[in-house]
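Have a look at the structure below, then the notes.
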Amino acid sequence: MSKTFNIYCDESCHIEHDHKPYMFLGSISAAYNQVKLHTENIKELKAKHHFYGEIKWTNVSKSKFHFYMELVEYFFATDLKFRTVGVDKSKINNEAFGCSYDDFYYKMYYYLLNHNLNSLYNYNVYLDIKDTLSAYKVNKLKDILNTKFGVFRNVQNIRSHESLLMQLTDFMMGAISYQHNNEAKENQAKAHIIRKIQQHSGDSLMKTNYSEKLNLFFIELQ
């Protein structure tokens, strides 16, 4: 029986004119047969810290600091894997290549998801619902991905509140995006969390690395 992985994807600062210098797409992958285990473990962690809200980077605060720090510890103690693709938006020049910003968006997802694929495995991809065009985007992305690989069994939208692993993706990617897009880091809780992630990763969060656990890939546009 072929092994199956779930990949949970989210986006940060991906709007074309949002005045943020870097755009990110991120994902967390988990073996299909371990999704329930991770979900239950994160639920227990939330209960331990009396945390009842949705896990989101924008919700990080001093009062929830210890929960989020322990969530970082949990991620690095497991076989969950995080990957993000980032690009300096000031270097995007779609007109020179005769494509639209939406075309570029799909190319980013292609770079995000085609990393270290195993043709003997199957993959389920889940994207956070962002707008009324989400269903169209999902169908187009599935066609693009399977044109080459044929291993993506399912590509679909879900709402973030339906999946704790989707929420974890938002949190991890939010930390990377915050590091690149906020010059004045006034939130001390967020700054401490970023340092904790960097300590565990053993590498800079500001450049491409070759880590299997916390993989950062920055596209160098010409």
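Rule-based calculations on the coordinates, nothing more; no lab input. It should be emphasised that the depicted structure is a prediction, and the values quoted were computed from it without experimental measurement. Every residue, glycine as well, gets a Cβ built from its backbone with ideal geometry; the counts of neighbours run over all protein chains shown.
General remarks:
- Whole-Hz Karplus values for the range 73-85 come out as 4, 4, 4, 6, 8, 10, 9, 4, 10, 10, 9, 9, 10 Hz, taken residue by residue from phi with 6.51 cos²θ - 1.76 cosθ + 1.60 and θ = phi - 60°; glycine and proline positions read x.
- Phi angles of the range 136-145 translate, via the Karplus equation with coefficients 6.51, -1.76, 1.60 and θ = phi - 60°, into HN-Hα couplings of 4, 4, 5, 5, 5, 5, 4, 4, 5, 5 Hz per residue; Gly and Pro are given as x.
- Stretch gain in nm, segment Phe76-Cys99, where the contour uses 0.36 nm per residue and the Cα spacing is subtracted: 4.4 nm
- Here the spin labels are modelled as points 7 Å beyond Cα on the Cα-Cβ line, and at Lys91 and Tyr110 they lie 1.9 nm apart.
- Ordering of 113-121, 62-70, 169-177 by burial proxy (mean other Cβ atoms within 10 Å per residue, highest first): 169-177, 62-70, 113-121
- For the chain, relative contact order (Cα pairs under 8 Å, six or more residues apart, normalised by length) works out to 32 percent.
- In order along the range 208-214, the Karplus-derived 3J(HN,Hα) couplings, from 6.51 cos²θ - 1.76 cosθ + 1.60 at θ = phi - 60°, round to 4, 10, 10, 6, 7, 7, 10 Hz, and Gly and Pro are given as x.
- Filter on Lys56/Lys196; Lys20/Lys140; Lys3/Lys207; Lys91/Lys207; Lys20/Lys81; Lys107/Lys190 - keep pairs with C-alpha separation over 28 Å: Lys3/Lys207; Lys107/Lys190
- Sequence of Tyr8, Tyr105 once ranked by neighbouring C-beta atoms within 10 Å, starting from the fewest: Tyr105, Tyr8
- Listed by Cβ neighbour count within 10 Å, with the fewest neighbours leading, Val72, Val125 appear as Val72, Val125.
- Hydrodynamic radius of the chain by the Kirkwood approach over all distinct alpha-carbon pairs: 18.0 Å.
- Highest to lowest packing among 199-206, 79-86, scored as the average C-beta count within 10 Å: 79-86, 199-206
- With the helix formula -39500 (n - 2.57) applied to DSSP H stretches of n ≥ 4, the chain reaches a computed 222 nm mean residue ellipticity of -12500 deg cm²/dmol.
- Between Glu73, Glu54, Glu186, the residue with the greatest mean-square fluctuation in the GNM of the chain (Cα pairs under 10 Å linked by springs) is Glu186.
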